[in-house]
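Down below is the structure, laid out as structure tokens.
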Amino acid sequence: MYKKLFFGLIILALLSAGCAAKESSAPVASGDQLKVGDGATTKEYTAADLQALTESTAAFKDVTYKGVTLKALIADAGFNFDEIKAVKAVAADGFSSNYDSSIYSRDDVIVAYATESGALTEDDGVFRMVIPDGEGKQNVRMLAEIKIVK
């Protein structure tokens, strides 16, 4: 009886450890770099890298953000728009939002690195998506990666 209980506890402990290992191994990008890629090719950007590109502004919920258009960022990363089916914005916590060409090809959709009045908030992170007329969930905060879907 005690042997069965002992082995049962060991199995339970091993299963718990395995689940914990899976959770901790989930890919989470660091907050100071933004990855843009399709799985085969990836380019990483810092806020300074984005600031070196042509600046654009966009407003969402009465805040005007500064950044680079998603369209320009995708082009700078070397991707051909004719080959793209969709774009997926992924937050550092794993939240994501998918965009079709009606979003990622617009000139008013930006990846923000600041607001007009200064730095992004701690809740926004280093980068955030800004889609002026989009739903809140489309305006991904703590943006860590832009996945190109071909």
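Any read-out appearing in this document is the output of simple, stated calculations on the displayed coordinates, not a laboratory observation. Quantities reported herein were computed from a predicted structural model and do not represent experimental measurements. Heads up, the Cβs are rebuilt from the backbone with ideal geometry, glycines too, and the neighbour counts pull from every protein chain shown.
Descriptive notes on the structure:
- Pairs of Lys in the range 30-149 closer than 12 Å at Cα, counting only those 8 or more apart or on different chains: 6
- Applying the Karplus relation 6.51 cos²θ - 1.76 cosθ + 1.60 with θ = phi - 60° to the range 137-144 yields 3J(HN,Hα) values of 5, 6, 8, 4, 8, 6, 4, 10 Hz, where x marks Gly and Pro.
- Sites listed here are trypsin sites (Lys or Arg not before Pro) in the range 53-148 whose DSSP assignment is loop and whose Cβ has at most 15 other Cβ atoms within 10 Å: Lys61, Lys85.
- Pair-distance profile P(r), taking every C-alpha pair of the range 79-141, with 5 angstrom steps and integer %: 4, 16, 28, 25, 16, 8, 3, 0
- 14 Å beta-carbon shell around Thr64, net charge (K/R +1, D/E -1): -2
- Cα shape, the range 30-149, gyration tensor, a/c 1.5 rule: rounded
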